[in-house]
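The values are calculated or read from the model by the stated rules, or taken from the named source; none is laboratory data. Because the structure is predicted, anything quoted here is derived from the model rather than measured. All Cβ positions, even for glycine, are placed from backbone atoms using ideal geometry, and neighbour counts span all protein chains on display.
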Amino acid sequence: MFLTLLRRELLANLMTFRFFVAMLVCLLLVVANSMVLIGDYERRLADYNTAVQIHRNAAVSPKVYSPLNVRVDRPPNPLSIFNGGMDKQLGNTVEIHYDFVPCLLDMELHGSDNPFLNLLASVDLVFIFQVVLSLLALLFAYDALAGERESGTLRLMLTNPISRSLVLLTKYVAAMTCLIVPFLISLVLAQLLITASGAIDLSGDDWLHIGGIVLTSIIYLSAFYLMGLLISTLSRRTATALMLSMFLWAILVLIYPSVSIWTVGEFWRPEEKLKAAYGEIEQIWKEPEKERNDYLQNHPVLRRGVWVIPLQTDYGWRVNSHSGHGRNDRMTLARHWTDRAEFIGIPETSPAQLVSDVKAYHQRLVPLWIRAAEKTWLVRQKALSEIYFRKAAIERSVMRFSPAGIYYLATAALTGTELHEMQNFMAQAQQYRQTIVAYLHDKKAFSSLQWFARSDDGKKAHEGGKVDWSDLPQFSYHRADMRTSLKHALPELALLLLINVLLFMGSFLIFARQEV
């Protein structure tokens, strides 16, 4: 009996105009948009490769240690074609310096952007599935019971020894089959385009992520079909069921996700906490600044004005004892260009003595700046958690009241384009900074002449020669694996499954007690 009913429902759905529309819309939208997204990814990948080369060359260009400033880059996520998430919102490059610990707010974007292309690229595949598939699911479901009740076929069917649960089950299986077919065909064509492009290299782990996206999409599709089935169960007329379905779709898919995020942003006021964090950071930097001023004032040589040490090179270094403790002044030693290799020093002070004094100055103060930077990071991390991460958590919570919001959050976690993956990149960048600091310690750079000057007379690096950057550690970024992504997506997947169960149970309980 089940197969007979299933065959009947399948034929009834396949022979309808809406199945043809579903197939055509899915194929056109997914395939056309995939081509745009692939082009956008290739452009971002080219920008990334260019930025990596530029930043690598810039990192090894200084002839002394102190200007070392490495910029690390996050490659575009190939799975952002499915869900763009935050992959292009929070930036993709960050500055690494010994006296500054970066956070998410310090990320910058590299590459030139085409606004029109970005507008098109923002419509990722998940957005198409989120909007189009949910609408198609409701169109397949709104007359599943209301239509047969109006025509009288439902009463005729139930005169046979058929259980009502079997009727609901066959309608569900048949409709889901007709919805999944155009979805899978369009997705396969999109994958063929991705593979044929050659620019997107998907690993075995990426295919697992894609499998998770497909499963999540089917669960999401099922939730909206069951929602329409519940409306069809409650309605006596197909017109009423259609009107209620379209109203609910507009609220849950188009209006609520955007309005909820906007509302949280409007009522979120972090100014007081930010002001407190800035004040605490100001106090942290006062300590090394005071130490620096005391050191210069009590030093018999360095306390006297401005001094320069070119040391047989075209690079000179100037100390200004009145410089502030802002981000750009924290070095307190500013490089300037000089045309002549001459010593402009303090009267009655030999160049050798002045060099020795400056080396001791840096050996004393640079570790203080490093410790102050790490203390500053703790304050910034606390503020980031209390302000921005808490806001993100609230936005995540309010989005869970809509299946469309839940679907977006789940697929963003599976593609690695949500906040957790951005934090993963920043954690790796911060670990790389620690590696750079350890590298400078191993080189004894803070107490060496090469921290602030070099010599061109053929000496080795530790004796005053040009710094050798050949052993500078390189940054390598690794995206989270499937287990980590699934862990972040699991709450949303569980919630979608729960919605499916509740909707099916609600439809069954109402239909079982109804008069037809």
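Computed values, structure above
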read-out	value
Any hit, the stretch 353-372, residues being of a type in the set (A, V, I, L, M, F, W, C), loosely packed, with under 15 Cβ neighbours inside 10 Å and at pLDDT below 90	yes
Within the stretch 492-516, considering residues that are in contact with a helix residue (DSSP H, G or I) (Cβ under 9 Å, 6 or more places away or on another chain) and more than 30 Å from ARG396 (Cα to Cα), the one surrounded by the most Cβ atoms within 10 Å (Cβ to Cβ)	PHE511
Selected residue (criterion: surrounded by the fewest Cβ atoms within 10 Å (Cβ to Cβ)) from residues of the stretch 138-165 that are more than 29 Å from VAL126 (Cβ to Cβ) and of a type in the set (A, V, I, L, M, F, W, C)	LEU156
Condition met for LEU168 (among the hydrophobic types (A, V, I, L, M, F, W, C), at pLDDT below 95, surrounded by fewer than 19 Cβ atoms within 10 Å (Cβ to Cβ) and farther than 21 Å from PRO491 by Cα)	no
Looking only at the stretch 457-516, and only at residues there that are within 18 Å of PHE224 (Cβ to Cβ) and polar (S, T, N, Q), the one that is modelled with the highest pLDDT	ASN500
Enumerated helices (runs of 4 or more DSSP H) restricted to the stretch 181-274, each holding at least 3 residues that are surrounded by fewer than 14 Cβ atoms within 10 Å (Cβ to Cβ)	204-234, 256-267
Scope the stretch 485-513; condition basic (Lys, Arg) and over 14 Å from THR415 (Cα atoms); matching residues	ARG513
From the options ASP143, ASP205, residue that is in contact (Cβ under 8 Å) with a residue 24 or more places away in the chain and out of contact with any Leu (no Cβ under 8 Å at 6 or more places or on another chain)	ASP205
Residue list for the stretch 374-418, restricted to those being surrounded by fewer than 24 Cβ atoms within 10 Å (Cβ to Cβ), of a type in the set (S, T, N, Q) and in contact (Cβ under 8 Å) with a residue 60 or more places away in the chain	THR376, GLN381, SER402
Top-ranked residue in the stretch 93-139 [being of a type in the set (Gly, Ala, Ser) and part of a loop (DSSP other than H, G, I, E, B); ranked as modelled with the lowest pLDDT]	SER112
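Residue-wise test of (1) surrounded by fewer than 16 Cβ atoms within 10 Å (Cβ to Cβ); (2) charged (D, E, K, R); (3) within 30 Å of VAL181 (Cβ to Cβ); (4) more than 32 Å from the chain's Cα centre (by Cα).
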residue	(1), (2), (3), (4)
THR4	yes, no, yes, yes
LEU27	yes, no, yes, no
GLU42	yes, yes, no, no
LYS63	no, yes, no, yes
VAL72	no, no, no, no
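Results for (1) closer than 30 Å to SER485 by Cα; (2) not small (Gly, Ala, Ser), shown as yes or no for each residue.
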| site | (1), (2) |
| --- | --- |
| ASP206 | yes, yes |
| LEU221 | yes, yes |
| LEU229 | no, yes |
| SER232 | no, no |
| MET243 | no, yes |
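Residues are listed down the side, and each one gets a yes or a no for (1) among the hydroxyl-bearing types (Ser, Thr, Tyr); (2) surrounded by fewer than 21 Cβ atoms within 10 Å (Cβ to Cβ); (3) within 20 Å of the chain's Cα centre (by Cα):
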{"residue": "LEU37", "(1), (2), (3)": "no, no, yes"}
{"residue": "ARG56", "(1), (2), (3)": "no, yes, no"}
{"residue": "ALA59", "(1), (2), (3)": "no, yes, no"}
{"residue": "PRO75", "(1), (2), (3)": "no, yes, yes"}
